[in-house]
Structures are given as C-alpha cells and as structure tokens.
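The values are calculated or read from the model by the stated rules, or taken from the named source; none is laboratory data. Not measured: the values here are computed from a predicted model. We place every Cβ from the backbone using ideal geometry, glycine too, and count neighbours over all the protein chains shown.
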Amino acid sequence: MGKRDYLLTAILFVILLFGLWIAQNYLNAYIIRILNTAFIYVIAAVAYNLINGIAGQFSLGPNGFMALGGYTVALLMLPVVQKQQVYFLTPLIWPFSVITFPSYLFIVSLILGGLIAAGGALLIGVPTLRLRGDYLAIASFGFSEIIFVLANNFIPLTNGALGIKGIPEYTNLWWTGGLAFLTVYLICSLVNSSFGRALKAIREDEIAAQAMGVNPFRMKLMAFTLSGFFAGVAGGLFVTLISTVSPTLFTFSMTFNLLIIVVLGGLGSITGSVVTAFIFAFLQEILREVEAPHTIGSFTIPGIPGMRMVAFSALLVIMMIFYRRGLFGTKELSWDLIMNLFKRGKPQNE
Amino acid sequence: MNEQTQTLLSINGLTMIFGGLIAVNDFNFSLQSGDLAGLIGPNGAGKTTIFNMITGQYIPSKGKVVFLNHILNGLPPHEITSLGISRTFQNIRLFGNLSVLDNVMVSFHMGLKNSFLSAMWRSPAYVSAEKAMREEGYRLLEAVGLAELSREEAKSLPYGQQRRLEIARALAIHPKLLLLDEPAAGMNPHETMDLMNFIQKIREEFNLTIFLIEHDMKVVMGICENVAVMDFGIKIAEGTPSNIRKNPKVIEAYLGVES
C-alpha cells in the first residue's frame, strides 16, 4: 500500500520535472509567467491553509508576511550599483547599502526572507494565540497594515511608494516548481503526522484537545510561524519573478486572493489548495477579457478595471451557497481516491 | 486487591465562586489508588464544576487539589493531563471530522519526543514513532471493541460507541486517574449494562482509579465503592452505596421533604 503510493508519487515527480523542462524550453513567455505565478500561489496558499484550514485559526496576514519576505529578498539580491540608482532621493541605510548576495546565494536570501516573515508571525502569534477566538484575525490584519504603512513610509529602507526596481530575475520554473513541490511535500508530511492530528484536534474542539494533553498555544504558534515562513519564501519568489517590489504589490487583495484559493479548494485540503491555485492563476488571465472594453452592436461597454475581482467574489458567493465545503472539503486528493475512480462499480474492500 | 493503598487525589476545601453564585462550597474528598468512586447529586449541584477544577478548565476560587504530591491549582489543562489525569465530557467532545483511530492517536501526541521538523522531512526516527503510535492506537481500539470502525469518521458513530470512543481516547494518555462525566447519559438500559461491564473491565485491564459523575442510580449503586452526594454546591453525604441509600439527607435532596 505505502510502497505503491511512494512509487506513484515518484513517477508524478518525474513527470512534473519533465513537464517543467518542456514548459521552460518550449512554451512562450506569457504561459511561463502564468505557470510561475501559479506555483507561487501554490506555496502561499498551502502555507495559508495550514493555519486557516488545518489549525482552524483565522489569519488575515499572509500579505504582510509575503511583503516581509519580498522586501528582504529584494534588499539582499539587488546589486549595489542598482541600489544607488534606485535610492536616489534618500540613500539606503547601512548594512544593505554595501552588501549584495551573489546569484548562487539566491536560495539563502529566500530562506532569510522566510525567516524574517516567520519572525513577524512569531511576534503577533505569541500574544494573540494564547487566546481562543478571532483575535488572531484582527491582530494579523493590523500587522499586515502596519507592514504596508512601513513599506510606504520607512523610505531609507524600502524607498517608499517608489518601490525597488531592477531586482535580478532569478525566478524561473525550476525555482517556483521545485519549491512548490518541496513546500507541498513538507506541509503534507506535517499535516499527516502527529502534529497535523494535534492541529486538527484543536480545530475540531480546542477544549477536548487540551484535555488530551495537546498544548494548544505551542501547536498554533508552530503552525502560524511555519505558515509565515512559507509566505515569506513565496513573497521572495514573487519579487524576483516580476523584478520589482512596491508597497502596493502586497496589499490586502493578495490575502483576499489566497483566501479565495483556500476556501474554493476546501479549508483543510492541501491538495485542494494546489488545484485551485492553478485554476485561479489561469482564470485571472482568462478573465482579463471582462475588464477589456467590448462592443456589442452599436453599444460600447468601456473596460472596467477590477471586474475580475467582482467575478471571483461572485464565484465565492455562489460556492458558499451551493458547495460550502469547497472543491475537496477537508479531504485530500490521494492515490487511493484516484485508484477508486478507475475501479468504480467493483465492490471496494481495503 | 492492592495490598498497599496510596492516596492518589486529595481535594481540600475546594470552592468555586462565579460572580455571586457559589457553585461549589468547601468540597473535601480523597481517592485511594484503585478506587472506583462516584459523585452524584441533582442537576446544578456542582458536580461537573468539580471535574473542571480538577482538570484545570476552571481555576478554583479557594481550596487545593493535590494529585500524587503535585498541587494542581493553576496548572493549565494539558499539564494536568500529562501528570496522568484524563477525562470524558458530559456532552461528548470528540474530534468529529477525524477518524476513530486519529481521535485516539491525538492523545499520544504529548508523549512524542520528535520535533515538528523531523515530522516534516519524515525522518526515519519519526516514521517509526508514527508507526508505533498507529499500532498502539489500533491495539487500544481492539481492547475497547472499536477496531473494525477505526477508519470511520468519529461523528458518524452511533451514540453509545461515541461514548466508548471518548473513553478510549482518555485511556490513550495512560492515565492513573480517569474522570468520567455522566458516561451513561442518554443510554438505554441495555447500553447502560454494557457500559458498566466495560468500566469494570478497563479498570482491571488498565489498573485505573476511576471517579465518575452519574445520574443513573443503577450505575452508581452497581459499581461504585464509595459515593459522594452533592446538593447546591455542598457535599451532603459520603459513604458506601448502601449507606447513601438510607441517608435521610440524600433522600431529601432527591425526593424532597414530607410536609
């Protein structure tokens, strides 16, 4: 049983690698960009699902953590010459003004970005996760707003609203795809371990979980900090994909996007988040159509920016009315499930 | 059976005040290891409040709870659990969306030595720990007769089996003292008989001290060796079931006074 699953996962991994190679070499830049975005969404959404879906603690802060990771990576990877050009009004403060990581330290900068974001998560997790209830939502929302204000106003570090341009574009499908696969593997392992069971127990009934010896504060803090770490990595990948970072890149709408992905995929289903992250990234492009101006007969509808979000919000409402548990509910897409699809009709015995 | 009995739990002057309401007033009780004691009383007498104070859900206003030389007052519930006290709840509190086996395995978490990082990269040490937990959980389910339901969702079980699973989950922490809060609530006479046998069986098998709250007099009189009776937050009687049954104060509390 376990052996077959390992084998199939290994085969999937090889297929994925081959797919990435084909995509990177033969697909056009537009599709590659969408795929990159999709993989980044996968990382951020899976991390967000860990705290929102698995642990059942409602956080509204992933955009803040992504911003922390994004700015960290930007400041570490931007060449010194470029830094002098970008920070022409107010010079960049000391340690960052002289250091630049060579390209082979890109992974180190991503990890550091994740760690800084995890530090931010720890900072708001320690006081709020001791409490039961919605305090985390309020505190994490406030935190991400503080990050936004800091990014706008702490000009010697962030260059304010002008943002940072010319970040080397290290991110390619190998990075995003590889790290997405790794993130999913690590978080799935955690969710299926004793730690995942403890987190789900807290989600189901915190009082009972604590009575069975689970320390809810420690478990929630672990999940929240890990979630912050991977959000930071996703933020770092994102800025090196689009080669620029500014405060408006990681506004609350980023959290809203992730919330749509996680809820549509099923709160508590990691594989659900992976599937919907891809759907979301492609839909976002397909739905550009509704924002473009249209002419029907003699009647011209002007393009309305932001219509895409209206479409997504409508989708979310429809989902909540007719299919409240999301695409997968709390179930995971497993090899057993896929095999059962093929064997349907035959009597099922384990 | 035990040649040497030892005081496992002693409760001294335990008092709980909610605002102006004295829910429990100056409650004294002690349990020797190996005891099977009952706590009875009309609704609202403060029985569950006492359980909640022992297990740390409530912090007592006054008084002291001592368990094997540890003072429990002020400890958080999970630390009290790790000392070896586990409980069930009056209104069943299972992890409804988790499987029956997972419900039991949650209780093994506090004994896990590995870090979350080793679980994330599935280190060999963690994988074997997980396997051991799974086997032990399965053994426990076999012992309580739920093994063939191990993959079902807990919320899909019939009521009587949910009660049984809740007891199994409490047993999984390897308790020295098991607190059962109305284990027979909502059961028919047949299920109640099963439950009484089940409690006797696990008591022997797991070498337990049991303290239970119950409304069903048949259960209390049938299996408890020592019974405390409460009314309006005050302990009005304590003794063997036969003595309790004759105690005028108890009769008064349950049936009212003749005028």
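For the structure I just gave you, tell me whether B:PHE51 is over 23 Å from B:GLU204 (Cβ atoms), assigned to a strand (DSSP E or B) and among the aromatic types (Phe, Trp, Tyr). Steps first, please.
Working: over 23 Å from B:GLU204 (Cβ atoms): yes; assigned to a strand (DSSP E or B): no; among the aromatic types (Phe, Trp, Tyr): yes.
Spelling it out, it is not the case that B:PHE51 is over 23 Å from B:GLU204 (Cβ atoms), assigned to a strand (DSSP E or B) and among the aromatic types (Phe, Trp, Tyr).
On inspection, B:ILE80 passes the criterion of being within 12 Å of another protein chain (Cβ to nearest Cβ) and either surrounded by fewer than 22 Cβ atoms within 10 Å (Cβ to Cβ) or in a helix (DSSP H, G or I) (or both).
Where helices (runs of 4 or more DSSP H) fall entirely within segment A:167-262, those with at least 1 residues that are under 19 Å from A:GLY133 (Cβ atoms) and at the interface with another protein chain (Cβ under 9 Å from one of its Cβ atoms) are at A:194-204, A:206-211, A:216-242.
Only one entry of A:LEU327, A:LEU333, A:LEU267, A:LEU315 meets the criterion of being without any contact (Cβ under 8 Å) to a residue 60 or more places away in the chain and aliphatic (A, V, I, L, M), and that entry is A:LEU315.
When residues of segment B:185-209 are filtered for being part of a loop (DSSP other than H, G, I, E, B) and at pLDDT below 90, how many remain?
Initially, segment B:185-209 is screened for residues part of a loop (DSSP other than H, G, I, E, B), giving B:185-188, B:207-208.
Then drop every residue that is not at pLDDT below 90, which leaves B:185-188.
Here the count works out to 4.
Looking only at residues in segment A:169-183 that are in contact (Cβ under 8 Å) with a residue 24 or more places away in the chain and loosely packed, with under 15 Cβ neighbours inside 10 Å, the one that is farthest from A:ALA55 (Cα to Cα) is A:GLU169.
Condition check ((1) within 28 Å of the chain's Cα centre (by Cα); (2) of a type in the set (Gly, Ala, Ser); (3) in a helix (DSSP H, G or I); (4) on the phi < 0 side of the Ramachandran plot) across all residues:
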{"site": "A:ALA74", "(1), (2), (3), (4)": "yes, yes, yes, yes"}
{"site": "A:VAL81", "(1), (2), (3), (4)": "no, no, yes, yes"}
{"site": "A:PHE96", "(1), (2), (3), (4)": "yes, no, yes, yes"}
{"site": "A:SER109", "(1), (2), (3), (4)": "yes, yes, yes, yes"}
{"site": "A:GLY114", "(1), (2), (3), (4)": "yes, yes, yes, yes"}
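Restricting attention to segment B:95-107 and to residues that are within 7 Å of another protein chain (Cβ to nearest Cβ) and not polar (S, T, N, Q), the residue that is surrounded by the fewest Cβ atoms within 10 Å (Cβ to Cβ) turns out to be B:GLY96. Please go through segment B:122-134 and give me each residue that is more than 7 Å from chain A (Cβ to nearest Cβ) and in a loop (DSSP other than H, G, I, E, B), ordered by number. The one that is more than 7 Å from chain A (Cβ to nearest Cβ) and in a loop (DSSP other than H, G, I, E, B): B:SER123. When every residue of segment B:102-112 is checked against the conditions, at least one turns out to be touching a Lys or Arg at 6+ places or on another chain (Cβ under 7 Å) and closer than 27 Å to A:PHE181 by Cβ.
Given the conditions (1) more than 12 Å from every other protein chain (Cβ to nearest Cβ); (2) outside any loop (DSSP other than H, G, I, E, B), and given that B:ALA168 satisfies all but one, which numbered condition is not satisfied? The single condition B:ALA168 does not satisfy is (1).
Among the residues of segment B:16-58, what is the count of those that are surrounded by fewer than 16 Cβ atoms within 10 Å (Cβ to Cβ) and either within 14 Å of another protein chain (Cβ to nearest Cβ) or of a type in the set (Asp, Glu) (or both)? Looking only at that region, the number is 1.
On the given criteria, is B:VAL229 part of a helix (DSSP H, G or I), touching a residue at least 12 places away in the same chain (Cβ under 8 Å) and of a type outside the set (Gly, Ala, Ser)? In short, no.
Selection within segment B:83-94: residues that are in a loop (DSSP other than H, G, I, E, B) and either touching a strand residue (DSSP E or B) at 6+ places or on another chain (Cβ under 8 Å) or crowded, with 23+ Cβ neighbours inside 10 Å (or both). The member of this set that is farthest from the other protein chains (Cβ to nearest Cβ) is B:GLN90.
Let's see how each residue does on (1) closer than 29 Å to A:ALA139 by Cβ; (2) surrounded by 12 or more Cβ atoms within 10 Å (Cβ to Cβ):
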{"site": "A:THR248", "(1), (2)": "yes, yes"}
{"site": "A:THR251", "(1), (2)": "yes, yes"}
{"site": "A:LEU259", "(1), (2)": "yes, yes"}
{"site": "A:SER269", "(1), (2)": "yes, yes"}
{"site": "A:ILE279", "(1), (2)": "no, yes"}
{"site": "A:THR295", "(1), (2)": "no, no"}
{"site": "A:GLU332", "(1), (2)": "no, yes"}
{"site": "A:MET339", "(1), (2)": "no, yes"}
{"site": "A:PHE342", "(1), (2)": "no, no"}
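Taken over segment A:195-207, the criterion of being surrounded by fewer than 24 Cβ atoms within 10 Å (Cβ to Cβ) and either more than 23 Å from the chain's Cα centre (by Cα) or hydrophobic (A, V, I, L, M, F, W, C) (or both) is satisfied by A:GLU204, A:ASP205, A:GLU206, A:ILE207.
Scoring A:LEU186 on the criteria (1) touching a Phe, Trp or Tyr at 6+ places or on another chain (Cβ under 8 Å); (2) buried (at least 22 other Cβ atoms within 10 Å of the Cβ); (3) over 20 Å from A:THR37 (Cβ atoms) leaves a single failure, condition (2). B:ALA119 meets all of the listed conditions (1) assigned to a loop (DSSP other than H, G, I, E, B); (2) at the interface with chain A (Cβ under 7 Å from one of its Cβ atoms); (3) at pLDDT below 95 but one, namely (1).
Could you please let me know if B:LEU8 is within 20 Å of B:ILE202 (Cβ to Cβ) and either buried (at least 19 other Cβ atoms within 10 Å of the Cβ) or within 14 Å of chain A (Cβ to nearest Cβ) (or both)?
On the way: within 20 Å of B:ILE202 (Cβ to Cβ): yes; either buried (at least 19 other Cβ atoms within 10 Å of the Cβ) or within 14 Å of chain A (Cβ to nearest Cβ) (or both): yes.
Taking the combined requirement at face value, the residue satisfies it.
For segment A:83-94, a residue qualifies if it is assigned to a helix (DSSP H, G or I) and either of a type in the set (Asp, Glu) or farther than 23 Å from A:THR251 by Cβ (or both), and the qualifying residues are A:LYS83, A:GLN84, A:GLN85, A:TRP94. The number of residues in segment B:115-152 being small (Gly, Ala, Ser) and touching a residue at least 40 places away in the same chain (Cβ under 8 Å) comes to 2. Of all the criteria given as (1) under 23 Å from the mean Cα position of the chain (by Cα); (2) closer than 19 Å to A:ILE242 by Cα, the one not satisfied by A:ALA161 is (1).
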